[in-house]
Amino acid sequence: MEKKPFVTLEQLEEIVKDYPTPFHLYDEAGIRENARKVKEAFAWNPGFKEYFAVKATPNPRILEILKEYGCGTDCSSATELMMSDAAGFSGQEIMFSSNDTPAEEFQMADEMGAIINLDDFTHIEYLEKAIGHIPETICCRYNPGGVFEISNGIMDNPGDSKYGMTESQLMEAFRILREKGAKRFGIHAFLVSNTVTNDYYPMLASELFALAVRVKQETGIEVDFINLSGGVGIPYRPEEKPNDIGVIGEGVRREFERILVPAGLGDVSIYTEMGRFMLGPYGCLVTRAIHEKHIYKEYIGVDACAVNLMRPAMYGAYHHITVMGKENAPCDHKYDVVGSLCENNDKFAIDRMLPKIDRGDLLVIHDTGAHGFSMGYNYNGKLRSAELLLKEDGSVQMIRRAETPRDYFATLDVCEEMKKYL
Ligand SMILES: *Cc1c(COP(=O)(O)O)cnc(C)c1O
């Protein structure tokens, strides 16, 4: 499918008058339409809730939009809990799906009344020591081990991942947690990331639903909720076919009716913790070409770098690039599109066929709405960019300002000489 930016060159030319490049831009209309579709896709399940994975796009203005569609938040750190609180989420609207969790974070999650998702069997004792009791509602994260396969092959290797408990640990955990006062139980698993197939959630659901039936048989515990977590992907590449959340929701329903209903578990609530699917396509990184370089290869230097978007450098991830105003020009130039870090992996694209790029051209790097800005860092003393929200009425709201040197120096014990920069 052709990938088109959600913003026009004319709009961008207006925006850059007020906000210098680079910046992340989010599409309010797209976020809302998608959130509505997610809600509809699971409307068959009365207890359904999407707990948006805050780590994907940690910005209260974004969280507030999602809240209007019934979303909660999924957190895994103290600051994500604080942000959820500040954005108006409370109690069981918050899922705390962390791992290797410090005691203070369990304490904060418990004080907020969040649903705690235990990543490991040993965390029962650790949690009890940290907060002095076992919460009435508790979730356990499951790891089936082995490989996770769907019809078109192996998707990932849970046996190699650090998350979750084995089945026998989970059974034993539920028995112990019940003895210690837990009353409402949930099961959670995250087995594969960025799946671009409508089969992932239904396959995962059938595995977790069957597990819930075994839990009932072996322990007598009827789980209250099953959390399918994240992993629903987006088509970063033009040739990929986007997931259809309606089809995914129906697929989960089919397994629900096949496995849970006959087992007397038809009241189970379905939870999700999607990040990428909720926000990924509805954000882009806007950057300007500032240099061209002709050596053994052709390079275009832009004013963004890997600190603004780490995925290409970290995973070799593909992000589509549109050269604004040249959408219909032939892609007859092969470029490496690079940032300014002193790291040779700071490349947004390698050997990418693009229209001829001139200095000053605006480039839109697609699909940065999730795990984009949030993975940012400050290497080479580079500062994080602003985040802007393109509102439904076409106006622009700055929802995070760009960092200044003062932010970068804020944690230092500064010397007199540096004070002039603060
Ligand atoms: C990262 C993460 C998510 C979100 O994953 P996406 O791939 O963005 O959907 C959800 N739950 C947990 C526990 C995570 O670590």
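Derivation of every value follows stated rules applied to the coordinates shown; laboratory data play no part. Source: prediction; values computed, not measured. Every residue, glycine among them, receives a Cβ derived from its backbone with ideal geometry; neighbour counts consider all protein chains shown.
Things worth noting here:
- Violating pairs (Cα-Cα greater than 30 angstrom) within the set LYS67/LYS347; LYS4/LYS37; LYS49/LYS326; LYS326/LYS347: LYS67/LYS347; LYS49/LYS326
- Working note: Debye formula, equal point scatterers on the alpha-carbon atoms of region 226-304, no solvent; log10 I(q)/I(0) at q = 0.12, 0.14, 0.16 Å⁻¹ is -0.58, -0.69, -0.79.
- Region 360-422, relative contact order in percent, only Cα pairs under 8 angstrom and at least six apart counted: 22 percent
- DSSP bridge orientation in region 192-323 - percent antiparallel, rounded to nearest 5: 55 percent
- Rounded tilt (10° steps) of 167-179 against the dominant C-alpha axis of the chain: 60 degrees
- Exposure proxy for ILE65, ILE226, ILE176: other Cβ atoms within 10 Å of each Cβ, ordered fewest to most, give ILE176, ILE65, ILE226.
- Full-extension gain in nm, ARG406 to ALA103, via 0.36 nm per residue minus C-alpha separation: 105.9 nm
- If you plug the beta carbon distance of GLU416 and CYS342 into 1/(1 + (r/R0)^6) with R0 = 30 Å, you get a FRET efficiency near 0.55.
- Around the Cα centre of the chain, unit charges on the Cβ atoms of Lys, Arg, Asp and Glu (plus for the first two, minus for the last two) sum to a dipole of about 480 debye.
- At q = 0.14, 0.15, 0.20, 0.21 Å⁻¹, base-10 log of I(q)/I(0) for region 1-129 (Debye sum, equal scatterers on each alpha carbon): -0.74, -0.81, -1.11, -1.16
- Treating each Cα of region 172-214 as one equal point scatterer and applying the Debye formula with no solvent, the log10 of I(q)/I(0) at q = 0.14, 0.20 Å⁻¹ comes out as -0.46, -0.73.
- If you wrap the tightest convex hull around every Cα atom of region 136-177 and split its volume per residue, you get 82 Å³.
- Estimated purely from DSSP H runs of n ≥ 4, each contributing -39500 (n - 2.57), the mean residue ellipticity at 222 nm for the chain is -8000 deg cm²/dmol once divided by its residues.
- Tilt relative to the chain, helix 200-219 - C-alpha long axis, 0 to 90 degrees, to 10: 20 degrees
- Note on region 110-189 and region 255-306: Cα centroid distance 25 Å, given to the nearest whole angstrom.
- Order of SER269, SER97 - criterion: other Cβ atoms within 10 Å of each residue's Cβ, fewest first: SER269, SER97
- For a label point 7 Å along the Cα-to-beta-carbon line of HIS294, residues of region 342-382 with backbone N under 20 Å: 351-361
- Relative contact order of region 280-422, defined on C-alpha pairs under 8 angstrom at six or more residues apart (%): 27 percent
- Å³ per residue enclosed by the Cα convex hull of region 24-81: 82 Å³
- Bridges between two residues of region 107-246, per DSSP, are antiparallel at a rate of about 20%.
- In Å, descending, principal axis extents of the Cα set of region 92-206: 47, 27, 23
- Ratio of the Cα radius of gyration of region 237-352 to 2.2 N^0.38 Å, where N counts its residues: 1.58
- Under the Karplus curve 6.51 cos²θ - 1.76 cosθ + 1.60, θ = phi - 60°, whole-Hz ³J(HN,Hα) for region 405-422, x wherever Gly or Pro sits: x, 4, 5, 5, 8, 4, 8, 7, 7, 6, 8, 3, 5, 7, 4, 5, 8, 9
- In degrees, nearest ten, helix 28-41 long axis to first principal axis of the chain (Cα): 20 degrees
- For region 36-70 versus region 328-354, the spacing of their alpha-carbon centroids is 35 Å.
- Karplus-derived HN-Hα couplings along region 121-133 (A = 6.51, B = -1.76, C = 1.60, θ = phi - 60°), whole Hz, x at Gly and Pro: 4, 5, 6, 4, 5, 5, 5, 4, 5, 6, 10, x, 6
- Fraction of antiparallel bridges per DSSP, region 264-422 only, in percent to nearest 5: 90 percent
- Region 190-234 and region 367-422 have Cα centres spaced 38 Å apart.
- Rg(Cα)/(2.2 N^0.38 Å) for region 188-261, N = residue count: 1.22
- Mean separation of Cα contacts under 8 Å, 6 or more apart, over the residue count of the chain: relative contact order %: 18 percent
- Long-range Cα-Cα pairs in the chain (distance over 37 Å), rounded percent: 29 percent
- Cut-off 15 Å (backbone N to label point 7 Å along Cα→Cβ of ALA317), residues of region 356-396: 365-377
- Note on region 276-422: Cα-Cα pairs beyond 21 Å make up 48% of the total pair count.
- Distance between the modelled labels on ASP351 and SER193, one decimal in nanometres: 2.4 nm (7 Å Cα→Cβ projection).
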